[in-house]
Amino acid sequence: MRRALLMCFAALFSIMAGAQPASAEMDPVNVTIQFGIGYLPLYVMRHNHLLEKHLKEEGLNSRVTWAQIGAGSAVNDALLSGSAAFAAGGASQLLTLWDRTRTNLKVKGVAALSSMPMFLNANQPRLKSLDDFGDSDRIAIASAGSSIETIILRMAAAKRYGEKNYKKFDRLMVNLPHPDGMAALLSNRTITAQFTAPPYQYEELKHPGIHRVLSSYDVTGGPATFLMVWTTNKFREQNPKTFQAYYAALGEATQFINDHKREAAQIYVQDQKGMESVDGILKMLNDPDIHVTMVPHNMMDYAKFMYQTGAIKHMPASWKDLFFPQAYGLPGS
């Protein structure tokens, strides 16, 4: 399945690209995007054509193609194969790729996209805490096994039941993209809980019988990076102007969202074809726990846990080890 997704992904970009003359930098620039309000800077970037704008400012006439993918593994495969310029996803995925590519492609972060709480929601009244989950329960998680939700659940298990039991809930995980997981949770059948993210977690809580069991902020002790963008050092070295244009476009999109929250909410709702309301998205953006920011938060806490549990073999000396120099001026952690 994973190989088939990658082949379809590469074919899609190939069709969109067509026959192009050789260029010093990638043309077209193939960009990926996933589902959820945490990716809002990318939605704004696409809607306002900010990458095209900054590419022109760098003296490039490169076209931009976007592909929306629901599987983080397929996005990363596309990046590593050279089919995509940038990948976006959870902080744990960046840490895994950074660790595995340190001696070759050297994947590093471009910047964060958002710091947002993730909720473990349940549809069974008996599930009041982690202690109540048993063999009959199933927890829907996007990219189960590698996603940031997976890492948070493992961190919670380690804190409550001891580090040796950090995989206590792995056997209950079901790999479902956020929209599919929400549908399964609301149908009240096999799935009894979902560890998900905005806006899905808030939409779920509007339904009778759905309640929150855990917030990621309960585990991290406060705001922590939810989603971020990364690429390979090879791409950055071969496409320095494109890299700079993307970084600048991301910065402009982030600023736009924080200065014009209602307009940003309208862009998201328009893209999602009205699946959520503008007022509902705006309420999320005004939530003090939700931060649309390029600043990496608590990356080292994630890294320490993943290193201690063997998920990564190398421990970064600081958060800057995980990012390209453009991000060094940010107050990361």
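Every number here is computed from the coordinates shown, using simple stated rules; none is lab data. Just so it is clear, the model here is predicted, and its values are computed rather than measured. Virtual Cβ from ideal backbone geometry, glycine too; neighbours counted across all protein chains shown.
What does the C-alpha gyration tensor say about the overall shape of segment 80-199? Classify as rounded when a/c is under 1.5, otherwise prolate if a/b is larger than b/c, or oblate. It comes out prolate by the Cα gyration axes.
Comparing Ser216, Ser114, Ser277 in a Gaussian network model of the chain (Cα springs below 10 Å), the most mobile by mean-square fluctuation is Ser277.
List the relative contact order of the chain as a percent without decimals, with contacts defined as Cα pairs under 8 Å and 6+ residues apart. Could you put the intermediate results ahead of the total?
Numbers: 594 pairs, mean separation 85.6, N = 333.
RCO, the chain: 26 percent.
Spin-label pair Tyr328-Met275: with each label point 7 Å from Cα along the Cα-Cβ axis, the two points sit 4.0 nm from one another. Take the Cα of Asn61, go 7 Å toward its beta carbon, and none of the backbone nitrogen atoms of segment 237-255 fall under 12 Å from that spot. The trypsin sites (Lys or Arg not before Pro) of segment 75-157 meeting both criteria, a DSSP state outside H, G, I, E and B (loop) and at most 10 other C-beta atoms within 10 angstrom of the site's C-beta, are Arg126.
Look at where the Cα atoms of segment 186-223 and of segment 137-174 average out, and the two centres are 15 Å apart.
Which of the DSSP-defined H helices in the chain satisfy a minimum axial length of 24 Å, computed from C-alpha atoms, and a minimum mean Kyte-Doolittle hydropathy of -0.5?
Details: long enough: 240-259 (29 Å, -0.31).
The answer, listed by residue number, is 240-259.
Pairs with C-alpha atoms separated by more than 28 Å, drawn from the list Lys128/Lys164; Lys106/Lys273; Lys128/Lys159; Lys164/Lys283; Lys106/Lys241, are Lys106/Lys273; Lys164/Lys283. Does segment 214-301 come out rounded, prolate or oblate, given a ≥ b ≥ c as the square roots of the eigenvalues of its C-alpha gyration tensor, rounded meaning a/c under 1.5 and, failing that, prolate meaning a/b above b/c? Cα axes put segment 214-301 in the oblate bin. For the chain, a Gaussian network of Cα nodes joined below 10 Å ranks Thr220, Thr242, Thr196 by mean-square fluctuation, and the top entry is Thr220.
A DSSP coil position with no more than 13 other Cβ atoms inside 10 Å describes none of the chymotrypsin sites (Phe, Trp or Tyr not before Pro) in segment 58-132. For the chain, the Cα gyration tensor yields ellipsoid semi-axes of 32, 22, 19 Å (square root of five times each eigenvalue, largest first, whole Å).
The calculated 222 nm mean residue ellipticity attributable to helices in the chain amounts to -12500 deg cm²/dmol, summing -39500 (n - 2.57) over DSSP H runs of n ≥ 4 and dividing by all residues.
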